[in-house]
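Student: The following block contains the structure, expressed as structure tokens.
The values are calculated or read from the model by the stated rules, or taken from the named source; none is laboratory data. Note that the coordinates shown come from a computational prediction; the quantities given were computed from them, not determined experimentally. Cβ coordinates were reconstructed from backbone atoms using ideal geometry, including for glycine residues, and neighbour counts include every protein chain displayed.
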Amino acid sequence: MHVTHPPPARQAGDAIVPTPSTGATGVGEESEPSDATVIERSRADPELFSLIFDRYHERIFRYAAARLGASAAEDVTADTFLAAFDQRHRYDLAHSEARPWLYGIATHLIRRHRRAETRFYRALERSGLNDVEPGHADQVIDRMTAGQLHPRLARGLAKLSKDDRAALTLIAFARLTYAEAALALGVPPGTVGSRVNRARRKLRAALEAANDE
């Protein structure tokens, strides 16, 4: 999908968008304006918001596809940028990079597709029940990217709570730092750490139990 102009605004309240509250300061604009600068300028010139789309569309799509599959990811990605465009006036300009903000929007929208996400993971699970070598569960979890999602790991992901799954996938799929994931989810970094650790424990147990079946 290619968009050359920002999407038209929708009515307020169509999507709840996490608003960043802390983060890095802006960066210089000699070579390329920061995300914050682009968003600020787009408030008066909406056409400029297409730069944010161009910078992040592919990454947001990959993240959504890793959680929902490619078909549903198209809609989630489009809605993510629609919501961001609609609420750009609320963006905290203290954050030079919009990446955590956009992932936060996408995560919120993905939560509306819980059944689709579960079906996607179940389908991955059915694609093959390859064994995990004893003692290698942590390595499988560490390689949890869209292209390396082990079938047995998909089963475990489907059973995680929505909060634990969101925290883990932002770290594993989106490659956010704990601080960035906290910003995206609107929770303290320590909460992200707790959720990720709990998710990893549950996935490790699921992988080890699968080997005993």
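Student: Within segment 26-41, can one find any residue that is at pLDDT below 95, of a type in the set (Gly, Ala, Ser) and out of contact with any helix residue (DSSP H, G or I) (no Cβ under 8 Å at 6 or more places or on another chain)?
Tutor: The answer is yes; a qualifying residue exists.
Student: Please enumerate the residues belonging to segment 180-199 that are touching a residue at least 60 places away in the same chain (Cβ under 8 Å) and in a helix (DSSP H, G or I).
Tutor: Across segment 180-199, the qualifying residues are GLU180, ALA181, LEU183, ALA184, LEU185.
Student: A follow-up question, please. Looking at ALA65, ALA73, ALA83, which one is of a type outside the set (Lys, Arg), modelled with pLDDT of 95 or more and surrounded by 19 or more Cβ atoms within 10 Å (Cβ to Cβ)?
Tutor: ALA83
Student: If you don't mind, another one. In segment 166-179, how many are free of Cβ contacts under 8 Å to residues at least 60 places away in the same chain and within 22 Å of GLY69 (Cβ to Cβ)?
Tutor: Number satisfying all stated conditions: 6.
Student: Kindly provide the set of residues from segment 198-213 that are at pLDDT below 80 and not hydrophobic (A, V, I, L, M, F, W, C), ordered by number.
Tutor: Once the filter is applied, which keeps residues that are at pLDDT below 80 and not hydrophobic (A, V, I, L, M, F, W, C), segment 198-213 yields GLU208, ASN211, ASP212, GLU213.
Student: Still on this structure, please answer the following. In this structure, does TYR91 turn out to be closer than 22 Å to LEU176 by Cβ, among the hydroxyl-bearing types (Ser, Thr, Tyr), modelled with pLDDT of 95 or more and crowded, with 18+ Cβ neighbours inside 10 Å?
Tutor: Yes, satisfied.
Student: Go through segment 101-114 and give me each residue that's out of contact with any Lys or Arg (no Cβ under 6 Å at 6 or more places or on another chain) and either surrounded by fewer than 23 Cβ atoms within 10 Å (Cβ to Cβ) or of a type in the set (A, V, I, L, M, F, W, C) (or both).
Tutor: TRP101, LEU102, ILE105, ALA106, HIS108, LEU109, ARG112, HIS113, ARG114 - these are the residues of segment 101-114 that are out of contact with any Lys or Arg (no Cβ under 6 Å at 6 or more places or on another chain) and either surrounded by fewer than 23 Cβ atoms within 10 Å (Cβ to Cβ) or of a type in the set (A, V, I, L, M, F, W, C) (or both).
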